[in-house]
1. Tell me yes or no: at least one residue of segment 229-248 is in a loop (DSSP other than H, G, I, E, B) and β-branched (Val, Ile, Thr).
2. Are there any pairs, at least 6 apart or on different chains, whose C-beta atoms fall under 7 Å, with the first in segment 154-182 and farther than 14 Å from ILE109 by Cα and the second polar (S, T, N, Q) and part of a strand (DSSP E or B), and if so, which?
3. Looking only at segment 132-164, which residues are of a type in the set (A, V, I, L, M) and open to solvent by 20 Å² or more (accessible area, probe 1.4 Å)?
4. Among the residues of segment 195-209, write down those that are in contact (Cβ under 8 Å) with a residue 40 or more places away in the chain and touching a Leu at 6+ places or on another chain (Cβ under 9 Å).
5. Would you point out which residue out of ALA195, ALA214 is out of contact with any Gly (no Cβ under 6 Å at 6 or more places or on another chain), open to solvent by less than 50 Å² (accessible area, probe 1.4 Å) and assigned to a helix (DSSP H, G or I)?
6. Assess whether ASP67 counts as being at pLDDT 95 or above, acidic (Asp, Glu) and under 20 Å from ILE209 (Cα atoms).
7. Looking only at strands (runs of 3 or more DSSP E) that fall completely inside segment 30-129, which ones have 2 or more residues that are small (Gly, Ala, Ser) and open to solvent by 10 Å² or more (accessible area, probe 1.4 Å)?
8. Return yes when PRO13 is over 30 Å from ASN218 (Cβ atoms), surrounded by fewer than 24 Cβ atoms within 10 Å (Cβ to Cβ) and touching an Asp or Glu at 6+ places or on another chain (Cβ under 9 Å) and no when it is not.
Amino acid sequence: MRQPGAPRPGHRPTRLIVDLGAIETNARSIRREITAGARFMAVVKANAYGHGAVDSARAALRGGASDLGVATVAEASELRQAGIEAPILVLGSSDPTEAPIAAQLDVAIGVGDMVQAERLLASRSDSRQLHVHLKIDTGMRRFGVHPSEAVELAYRLASDSMIQLDGVYSHFAEADELTTVRMDEQLSEFQRVRAELEAAGFVPPMAHISNSAALLRNRSADLDMVRAGICLYGIAPSEHVKVLDGMKPALEWRATVQHIFEMTPGDRTGYGGTYVATGQERIGIVPIGYADGFPRALSNKGWVGFQGHRLPVRGRVSMDQCAVGIPDGVELSVGDEVTLIGDASSGAATANQLAAAIDTIGYEIVARISRRVPVEYIDS
């Protein structure tokens, strides 16, 4: 084991174990799968979906990634401060006041509407060229310029010699659904707008739209670059789209049981007394809660694993701890480690299984893990 590039401070009886070797191997699988010559962006936004941005980025780059994607200029700054020199794109909408910082960091930003562009141009205050990618809204109806206004926006950006248009991109809204109908429609629209831009004299060196679900399905949307997010960490985008053979989850979450007590019939545990014992039952207290990223919605629904057994969450998950039931015959003691997210052999849930229990997605389960949870990095 080794220390992470940006250690999480303090010591607590809970830990994340992040396998950088798994991230590197997953990246190699993606690199082999996608079209030869296409660039490969590893998306490390939201602290690399809870896995640690700096170390995950380095592992992905070792595995064949060429570019990195983030959501904010601050996330890009963290990578640059760690000495990472790979091309970085801020995929989301950044405030124009951040443009000078992005230029100084040599980080590209996404531009998706005329108001943002005008404010961006007005905020230019230094002599560094700012690299931008033009974001087209092909159906997400979120951040991005309407296709009918794309050429006009491109002209406005080109009017400033300190703006360098490096790419044009979009984002699939439904690539992880059962069928690819909407994905195919968005791809077609993106290609149409791209052709309009080229006809108007704008030929950005890079066009990209593919996300995890799209790259796992087929090669139709690879274009000049693919963007691998959740699948880079070995988590499937949805029940309809599976990860590649050989890919595996990189994260395991464990915690040490701090207290065990007996409940008798009629006893209640936790805020609101939402769990009532119907018989004699042993309860273990695990020192993690919703402030650590273990969702309160898992109250009376989630479970942890121990030696192949499922220990159900009893009562409400509180801010810093939760209670789990200890089934008859399970030899659990204070000081033993249980697994909150991990391999099925431990009895634990995967991120997607916990998500399914509370009607959300695996992305949210891992991305919400708090930085107050200590992390250990291993390299398998």
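The values are calculated or read from the model by the stated rules, or taken from the named source; none is laboratory data. Given the structure is predicted, the values throughout are model-derived calculations rather than measurements. Backbone-built Cβ (ideal geometry, glycine too); neighbour counts: all protein chains shown. Each accessible area value is taken on the protein alone, full model and side chains, heavy atoms only, with ligands, DNA and RNA left out. Shrake-Rupley method; radii C 1.70, N 1.55, O 1.52, S 1.80 Å.
1. Among the residues of segment 229-248, at least one is in a loop (DSSP other than H, G, I, E, B) and β-branched (Val, Ile, Thr), which makes the answer yes.
2. Filtered contacts from segment 154-182: ASP176/SER238.
3. First, pick out the residues of segment 132-164 that are of a type in the set (A, V, I, L, M): 132, 134, 136, 140, 145, 150-151, 153-154, 157-158, 162-163.
Answer for segment 132-164, where residues must be of a type in the set (A, V, I, L, M) and open to solvent by 20 Å² or more (accessible area, probe 1.4 Å): MET140, VAL151, ALA158, MET162.
4. Filtering segment 195-209 for residues in contact (Cβ under 8 Å) with a residue 40 or more places away in the chain gives 196-197, 200, 202, 204, 206-209.
Passing the criteria: LEU197, PHE202, PRO204, MET206, ALA207, HIS208, ILE209.
5. Details: ALA195 fails: open to solvent by less than 50 Å² (accessible area, probe 1.4 Å).
Going through ALA195, ALA214 in turn, the sole match is ALA214.
6. Judged against the criteria, ASP67 is a match.
7. 88-93
8. The answer is yes for PRO13.
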